[in-house]
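Below is one structure, written out as structure tokens, with a few remarks after it.
The values are calculated or read from the model by the stated rules, or taken from the named source; none is laboratory data. Because the structure is a prediction, the values reported are computed rather than measured. As a convention, Cβ positions derive from the backbone with ideal geometry for all residues, glycine included, and neighbour counts pool all protein chains shown.
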Amino acid sequence: MKDETLLLDPRDHKILSVSRALGYVFAFMLIITIAVAMIPNQFFIVSTRAVINAPVQMIASPIYGRVDRIFLQVGQVVKLGDVMATVSNPNQDQTSLTGLRLEKLDLAEKLDNTRSVVQERADQLQKVKSQIADVKNGVISELSAIIENARYNVQTYEARLNEQNALLQRQLVLLKKKLVSEASIEPQRQKRNAAQFELDSARGELRRNEIVLSLVERDIYTGGTVAANLLTLEMQRTKLAGEIAEDRIEINQMTERKRQVENLIAREEGRLGKTGAAEVVAERHGQIVSVDASFGDFVMQGQPVAKSLDCNEAFAAAVYRSRDVTSLEIGMPAMVNFRSLGVKRDAHIYKIVRYFNSGPENRYYAKFPQAEGHEVYVLVKIDEPSGEDGAPAHQGNDKFFGCHVGEDVIVSLGETIVSRIARYSKLAMDRLASPGTMLSASALFDKATSPRSAAAEPAIP
């Protein structure tokens, strides 16, 4: 045998060595794999008492009455302000309310007519004012021309008077020299007196025209055909202005009365519960999950006509023992297993609520799982699935029951060791990358991995 071993080819010896080394490596890897498999890789706290739930919004009737029209179907998507139904009360005595409404309509009609009359009179007044302005401008222009002519006449008569005075003075000088007799200068004196009279008349006419012009400019008319026309137009203007003022006072009174009637109508509608007619409107976006009234039904004021919910507010409520959740953190990953679909969805813890009661039965879509005094509710929000580009994919909230409300599920709280290390590493890297951070990576990692007990909230879920 030794001889045969010694006679092996060196290449065969090398192959045997490599095979032996590979065997050692394989055995070593197998041992490591078995050792790692023996270490628990995930720490999950599982609850089978869990349900998908969401708050329910009541779409209620604002009045007592009969449903005249209804536009609702289960699964229908509604938006804020959409009209869901109309309700009226045919049995309500609305005599006083009807009288007030008729008075309001009558006042509105009178107001419209009076405003129309005021507008017509205002247009007519504007025309009269325009006519007065045109006639007045014409009179002023004519008087200005007459005054200018009168001034020219005054100047002419003044020159003539000066001439006659000069002639008279000449005759008086001759009289003093005894060259003429007293009787011979008398005609010249009469001519000078006549010139003086003409000058005085011209000055009087000028003064009269100036006074008339001043009066016309101040809207004072003192006779004459033109003045009579202006006076007539001015009287029309005064009459129209007075009528418009009276109409406006009447409009103000009717407007005030209309406001009072509207207040009385509002008060009467409030007293009667606004029973004339009312619309049932949606106050939030959501999906109709139940229709509780139909055409012809009588509903009370505040009675729900339908119920809706918003899938964006859906959550999974799972029951756990208090001691099992003391080390949980808000935001810790979770997993929701939908039994009917056979699929699992990632989620995260967003609230831990100590159990008291679930409140009114109509507050949530589904009834909360039964819990004991030593148990708590862990509320889990389901994460949106990622799209192709890594961003959260938009899920149609309008799909009927797209959030699976009312379905029993299995909730698992926790995460794998690899996921936890990756999450804490990402948190540490984010802290290091943030500006102004001077802590070391080890300190950040210790801070990130330090357990934070999720404080239970003594509140109603």
(message) Criterion first (crowded, with 17+ Cβ neighbours inside 10 Å and either modelled with pLDDT of 80 or more or over 26 Å from residue 79 (Cβ atoms) (or both)) does residue 281 satisfy it?
(response) no
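Determine whether segment 318-336 contains at least one residue that is among the basic types (Lys, Arg) and assigned to a loop (DSSP other than H, G, I, E, B). Spell out how you get there, then give the answer.
Let us first name the residues in segment 318-336 that are among the basic types (Lys, Arg), namely 321, 323.
Narrowing further to those that are assigned to a loop (DSSP other than H, G, I, E, B): none.
Within segment 318-336 (the criterion being among the basic types (Lys, Arg) and assigned to a loop (DSSP other than H, G, I, E, B)), the answer is no, since none of the residues qualifies.
Of the residues in segment 293-317, how many are in a loop (DSSP other than H, G, I, E, B) and closer than 30 Å to residue 412 by Cα?
Total satisfying the criteria: 2.
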(message) Looking at residue 245 and the list (1) surrounded by 13 or more Cβ atoms within 10 Å (Cβ to Cβ); (2) hydrophobic (A, V, I, L, M, F, W, C); (3) closer than 30 Å to residue 116 by Cα, which single condition is not satisfied?
(response) (1)
(message) I'd like the full set of residues that are in contact with a Lys or Arg (Cβ under 9 Å, 6 or more places away or on another chain) and buried (at least 17 other Cβ atoms within 10 Å of the Cβ), limited to segment 56-76.
(response) 56, 57, 59, 63
(message) over 19 Å from residue 208 (Cβ atoms), exposed (fewer than 15 other Cβ atoms within 10 Å of the Cβ) and modelled with pLDDT of 85 or more: which single residue out of 105, 125 fits that description?
(response) 105
(request) Note down all Cβ pairs under 6 Å where the first residue falls in segment 125-145 and is assigned by TED's automatic domain parsing to the domain that holds residue 216, the second is surrounded by fewer than 13 Cβ atoms within 10 Å (Cβ to Cβ), and they're at least six residues apart or on different chains. (result) none
(request) Test residue 290 against the criterion of being over 30 Å from residue 116 (Cβ atoms), part of a strand (DSSP E or B) and polar (S, T, N, Q), and give yes or no. (result) yes
(request) State the number of residues belonging to segment 64-102 that are at pLDDT below 80 and under 30 Å from residue 255 (Cβ atoms). (result) 7
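Among what's in segment 360-419 and is among the β-branched types (Val, Ile, Thr) and at pLDDT 80 or above, pick the residue that is surrounded by the fewest Cβ atoms within 10 Å (Cβ to Cβ).
Quick first cut of segment 360-419, residues among the β-branched types (Val, Ile, Thr) only: 376, 378, 380, 382, 405, 409-411, 416-418.
With the extra rule that they be at pLDDT 80 or above, the set shrinks to 376, 378, 380, 382, 405, 409-411.
Values: 376: 24, 378: 28, 380: 28, 382: 22, 405: 21, 409: 26, 410: 17, 411: 27.
For segment 360-419, the residue satisfying everything is 410.
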(request) Pairs only if they're at least six apart or on different chains, beta carbon under 9 angstrom, first in segment 167-193 and over 21 Å from residue 157 (Cα atoms), second assigned to a loop (DSSP other than H, G, I, E, B) and not hydrophobic (A, V, I, L, M, F, W, C); list them, first residue then second. (result) 175/181; 175/182
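Any chance segment 115-129 includes a residue that's more than 26 Å from residue 200 (Cβ to Cβ) and more than 50 Å from the chain's Cα centre (by Cα)?
Initially, segment 115-129 is screened for residues more than 26 Å from residue 200 (Cβ to Cβ), giving 115-129.
After this cut, where a residue has to be more than 50 Å from the chain's Cα centre (by Cα) as well, the list is none.
No - not one qualifying residue is present in segment 115-129.
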(request) Read through the list (1) within 18 Å of residue 216 (Cβ to Cβ); (2) surrounded by 13 or more Cβ atoms within 10 Å (Cβ to Cβ), then give the number of the only condition that residue 86 fails. (result) (1)
